[in-house]
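This report concerns only the one structure given below.
The values are calculated or read from the model by the stated rules, or taken from the named source; none is laboratory data. Everything numeric in this text was worked out from a predicted model, so none of it was measured. Neighbour counts are summed over all protein chains in view; Cβ atoms, including those assigned to glycine, are modelled from backbone coordinates with ideal geometry. Ligands, DNA and RNA are stripped out before the accessible areas are found, and what is left, the full protein with its side chains, is counted by its heavy atoms. Shrake-Rupley method; radii C 1.70, N 1.55, O 1.52, S 1.80 Å.
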Amino acid sequence: MNVLVINAGSSSLKYQLFDMKTENILAKGNCDRIGLDGHLKHNPVSNGKPVFDSDIALPTHAEAISAVIEKLTSDDYGVIGSLSEINAVGHRTVHGGRKFFGSALINDEVIEVLEDCIRLAPLHIPANLMGINACKEAMPNVPMVAVFDTAFHHTIPESAYIYPIPYKYYEENDIRRYGFHGTSHRYVSDIAIKHMGGKAEGTKIITCHLGNGSSLAAIKDGKSIDTTMGVTPLEGIPMGTRCGSVDPSLVDVISSIENTSIKDTMDILNKKSGVLGIYGKSSDFRDIETAAGVDLDNGDLTDTANTDKRATLALDVFAYQVAKFIGSYIVALGGLDALIFTAGIGENSPFIRRAICEKLGGVGIHIDVRKNAVRASEFLDVTGEGSKAKVYAIPTNEELVIARDTMEIIK
């Protein structure tokens, strides 16, 4: 069975085609700048054919899907003979609200729920729906599955997901903690459990999905019991451009200072804050680490004489907030067996991993600096001598989780 995995954004569409007999990637790529000038990068991984990387007209997601199908089946760049070799499509879907606690076959009911969830995730769900509708138009007879980012966190207890606001907003408007990055937290915690003996029962794990968008999860017995993101992805630790958890009154304060609407102020908190807000020049952690005098390959400070103080501050704030949440989750779990770093920063920044763990020495967590001084291209154990918990860096694979769920549901 071949499963096409789609991750649709407002102006982008990432994809991977899996052969589920082997779980190997046949092809992957990205349609970028949809609705603008358009660009497609297509990589036929499995057969050595050349990579297609060029500007191409992509006025809508429908044209993007058509371009993907054309490249997947073409003589020059293709990996399959025809569209009939795509047996199913799995869609990364950000929000399932209170209706879906697991992945689901896409039908009219699922579309209805997604449309209702636009109020909970107005930046993400419309893009997800565009991807789904484009695939339905291009492949009307191919079954499709929605894999929800929020699903893994539906095991969070009521005491952790209820906000201390009037209860009617939960009852009538579905306002509660949902959490995101669920497929990533699920994947890396499963990998860690396998390395720890294979049994989820009795395990206490904290997963740190650190990227431009970042979240932590407390996972007990293989199930999420708390996570840092909330009803939206704005809550939690500071991120690339998102502020994370701050005083809610800042919305009113900033609106008064800037003389802006609530919507415009939320734009500031979502798109102009986080490490970008502190550093002021970039939201890319590689840029910030370089400005702070960090060697990106091993995490060492190499240039302390010409460092940008605000870059250093941005990294300090980020590491401190992550460590603070880890400490609170150790309390929630009643201990800790493994701390996991994953995603773009968690896998590729030895400096960030070390900076966070240095703040956790008081609770007995230590890393081996030498083992940590690499990027995690595969499972990496960086546990230090005498550490009370294992420390792992594990490359995430959300697309494979989506493909697996899609195959199981289609079967």
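Of the listed peptides 86-97, 382-393, what is their order by residue-averaged count of other C-beta atoms within 10 Å, with the highest listed first?
Ranking, from highest mean packing down: 86-97, 382-393.
What is the spread of the Cα atoms of region 293-410 along each of their three principal axes, largest first, in whole Å?
58, 31, 25
Accessible area of region 169-222 with a 1.4 Å probe: how many percent of it is carbon plus sulfur?
Result for region 169-222: 40 percent of the exposed heavy-atom area is carbon or sulfur.
Listed highest first by mean packing, meaning other Cβ atoms within 10 Å per residue, what order do 147-160, 10-23 come in?
Ranking, from highest mean packing down: 147-160, 10-23.
So for each of 136-146, 281-291 I average, over its residues, the number of other beta carbons within 10 Å; can you give me the resulting order with the highest mean first?
281-291, 136-146
Starting at 0 and stepping by 5 Å, how many percent of the alpha carbon pairs of region 1-132 end up in each bin?
2, 11, 20, 21, 18, 14, 9, 4, 1, 0
How large a share of the accessible area of region 244-357, in percent, is made up of carbon and sulfur atoms when the probe is 1.4 Å and the other protein chains stay in place?
Within region 244-357, the accessible surface is 52 percent carbon and sulfur.
Checking the cross-link filter: which lysines have an alpha carbon closer than 24 Å to that of residue 21, excluding same-chain neighbours under 8 positions apart?
49, 71, 194, 411
Helix by helix, which DSSP H runs in the chain go 27 Å or more along their axis at the Cα atoms and have an average Kyte-Doolittle hydropathy of 0.0 or more?
Qualifying helices: 309-333.
Mind checking Rg over Rh on the chain, alpha carbons, Kirkwood formula for Rh?
Details: Rg = 21.6 Å, Rh = 22.4 Å.
Ratio of gyration radius to Kirkwood radius: 0.96.
Need the list of aspartates and glutamates near residue 281 for cross-linking: C-alpha distance under 17 angstrom, and skip anything on the same chain fewer than eight residues off.
Within reach: 289, 308, 316.
Tell me, what is the FRET efficiency for residue 51 and residue 286 to the nearest 0.05, using R0 = 22 angstrom and their Cβ-Cβ distance as r?
Details: r = 23 Å, r/R0 = 1.06.
Efficiency computed from Cβ-Cβ geometry: 0.40.
Determine the shape class of region 59-215: with a ≥ b ≥ c the square roots of the Cα gyration tensor eigenvalues, call it rounded for a/c under 1.5, and otherwise prolate if a/b is greater than b/c, oblate otherwise.
The shape class here is oblate.
Hey, could you pull the Cα Rg and Dmax for region 248-333, both in Å?
Calculated on Cα positions, Rg and Dmax stand at 16.2, 45 Å.
Could you name the lysines in cross-link range of residue 371, using Cα to Cα under 16 Å and dropping any fewer than eight places away on the same chain?
Result set, ordered by chain and number: 390.
Quick one: work out Rg over Rh on the C-alpha atoms of region 43-89, Rh as Kirkwood radius. List each step's numbers first, then the result.
Working: Rg = 11.1 Å, Rh = 11.5 Å.
With Rh from the inverse mean 1/r over Cα pairs, Rg/Rh is 0.97.
Along the charge dipole of the chain, pointing to its positive end and built from +1/-1 on Cβ of Lys, Arg, Asp and Glu, which listed residue (103, 15, 360) has its Cα farthest out?
360
If we restrict to alpha carbons, what Rg and Dmax does region 57-118 come to, in Å?
For region 57-118, the Cα-based Rg and Dmax read 15.4, 45 Å.
Averaged per residue, what accessible area in Å² does the chain show with a 1.4 Å probe, protein chains only?
Per-residue value: 45 Å².
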